[in-house]
Amino acid sequence: MAKEEIEFLYDLERLLISRKAELPKGSYTSKLFKKGIDKIAQKVGEEAVETIIASKNKKESETVGETADLIFHLLVLLVEKDIPLDTVIQEMMVRSKK
């Protein structure tokens, strides 16, 4: 994976943080943040199920699309909980060494 792709996730995280702080009208993420953790967690669950279903199908593009939706909503959840993406990455690194 290229540095540019990793940086995109950090850019998205920064955008989501600003959306949470500013709550601009018309923003999908603003609507999620206004509805709170229950709605955000529900969306993560929905996207997880859709990713599972897509993975059982033969079209790679469906799995890629649903996975993108899942990762996006996971980032929204992390921002809502004030958990930096780096914290999750560090935990993954620790677990990979076990």
Gaussian network model of the chain, Cα within-10 Å springs - most flexible of Lys20, Lys81, Lys59: Lys59
Cα-projected label distance for Glu60 with Phe8, points at 7 Å along beta-carbon direction, nm: 1.6
Label-point gap, in nm, between Leu23 and Ala41 - each point 7 angstrom along Cα→Cβ: 2.1
In the stretch 3-96, lysine pairs with alpha-carbon atoms under 15 angstrom apart (chain gap of 8 or more, or interchain): 15
Correct choice for mean projected area of the Cα convex hull in nm² that was computed from the model, options (i) 7.6; (ii) 9.0; (iii) 6.1: (i)
The stretch 3-96, relative contact order in percent, only Cα pairs under 8 angstrom and at least six apart counted: 29
Spin-label model distance (nm) - Val88 vs Ala48, 7 Å beyond Cα toward Cβ: 1.2
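Each reported figure results from applying straightforward, stated rules to the coordinates on display, with no laboratory input. All values derive from a computational prediction rather than experimental measurement. FYI the Cβ positions are ideal-geometry reconstructions off the backbone, even for glycines, and counts take in every protein chain you see.
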